[in-house]
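The values are calculated or read from the model by the stated rules, or taken from the named source; none is laboratory data. Computed from a predicted model, the values in this text were never measured in an experiment. As a convention, Cβ positions derive from the backbone with ideal geometry for all residues, glycine included, and neighbour counts pool all protein chains shown.
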Amino acid sequence: MPDIKEKTFVIIDGQAIMHRAWHALPPLTMKGGVIVNAVYGFISILLKIIKDLAPDYLAVAFDLPAPTFRHELYKEYKAKRVKQPQEFYDQFPILKNFLNEARIKYLEKPGLEADDLIGSLSCLGDKKINKIIVTGDQDVLQLINQSTKVLMLKKGISETVLLDEKEVENKYGLKPSQMIDFKILRGDPSDNLPGIRGIGEKTTVELLQKFKSVDGIYKHLDNLEKTEKSPIRDSVKKLLEGGRSTIELNKKLVTIKQDDIDQIKIDDFSFVSNDQLLGGLEYLGFKGLIKRISPNEQAAIKPSNEKLESDNKQNSLF
């Protein structure tokens, strides 16, 4: 009996990729002065992903501007994030229109972040389906397992690295599932989450290597006999004891949800070919990106009265 080809489900972190493209590319504009550099960068990455990974299924996840359940738990969540210029946020409807034209499904849900939707998407299908999450955000490393990998953007939008369980352990000294515990103990300045003050990265890794998890660390402290010599230094024990309330809150904040897309099936995200992209590229007038699709597929493009031309020749990439 011939081997059945394993299928691939590519899940794109729309929020992270748009941010990365916004900072990586100059302020490209279309006719009317509409800035589209983030959209252009996103689609450029999308085309490379389709070429390199040949996905059978494809999905994009976005944040919504409204507060999430994490903000309800901790009002200071992401409070120090620098707001981008409005021209950045104005590009999301343009990108979503493109995805609609290209018949690529995207998800956004009130109260949740893109990470939570990505976590839920990664649970769709069986273990024979390869899941590849495309992002620039290390938070999703906790989702890596035997069937799920992360394609991480390293620099700008041109360099990537594919991370699996072994790569994460080699790089961080921890298993992917322990990346949750690492963030629980250390906090995350980018999300304005406090860690346990006084416990550094090296100590955090050592504790998790020995006790496997945050629960394992505190179980050790709770079961410690007075006559037993603890492998944890007294100064660290005091810090851990004083940080219990921080630990409980962080556990709820840093754990990515994986059960919040009821009644959605992996077949909803089927991706057939680049033919799906042509309408969206023609609508935007991204001639340079159209050229990256094969001549046979380009020939299928029908003229559109809605084509948008670049009005910025100096910065134009299309």
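Against the list (1) buried (at least 19 other Cβ atoms within 10 Å of the Cβ); (2) farther than 19 Å from Trp22 by Cβ; (3) among the aliphatic types (A, V, I, L, M), the condition Met152 fails is (2). Here are Asp267, Asp275: which of them is outside the structural domain of Asn192 (by TED's automatic domain parsing) and over 30 Å from Met30 (Cα atoms)? Answer to the selection: Asp267. Does any residue of the stretch 3-18 turn out to be over 14 Å from the mean Cα position of the chain (by Cα) and farther than 23 Å from Leu121 by Cα? Yes, because at least one residue in the stretch 3-18 is over 14 Å from the mean Cα position of the chain (by Cα) and farther than 23 Å from Leu121 by Cα.
Taking the criterion of being more than 24 Å from Pro189 (Cβ to Cβ) and in contact with an Asp or Glu (Cβ under 9 Å, 6 or more places away or on another chain), the residues of the stretch 57-79 that qualify are Tyr57, Ala59, Val60. Filtered by the rule that a residue be outside any helix (DSSP H, G or I) and either over 25 Å from Asp115 (Cα atoms) or among the acidic types (Asp, Glu) (or both), the stretch 250-271 gives Asp259, Asp260, Asp262. Scanning the stretch 71-91 for residues that are out of contact with any strand residue (DSSP E or B) (no Cβ under 8 Å at 6 or more places or on another chain) and buried (at least 19 other Cβ atoms within 10 Å of the Cβ) returns no hits. Here the helices (runs of 4 or more DSSP H) wholly within the stretch 93-196 that include at least 2 residues being more than 19 Å from the chain's Cα centre (by Cα) are 165-172, 178-186. Kindly evaluate Gly111 against the criterion of being on the phi > 0 side of the Ramachandran plot and in contact with a Phe, Trp or Tyr (Cβ under 8 Å, 6 or more places away or on another chain). Spelling it out, Gly111 is indeed on the phi > 0 side of the Ramachandran plot and in contact with a Phe, Trp or Tyr (Cβ under 8 Å, 6 or more places away or on another chain). Of the numbered conditions (1) touching a residue at least 12 places away in the same chain (Cβ under 8 Å); (2) within 27 Å of Asp116 (Cβ to Cβ), Pro231 fails exactly one; give the number of that condition. Here Pro231 meets the rest and fails (2).
With the structure loaded, tell me whether Glu225 is outside the structural domain of Cys123 (by TED's automatic domain parsing) and modelled with pLDDT of 90 or more or whether it fails that test. Against the criterion (outside the structural domain of Cys123 (by TED's automatic domain parsing) and modelled with pLDDT of 90 or more), Glu225 does not qualify.
Just to verify a result, which residue in the stretch 17-51, among those that are small (Gly, Ala, Ser) and within 17 Å of Lys287 (Cα to Cα), is surrounded by the fewest Cβ atoms within 10 Å (Cβ to Cβ)? Checking each candidate, the answer is Ser44.
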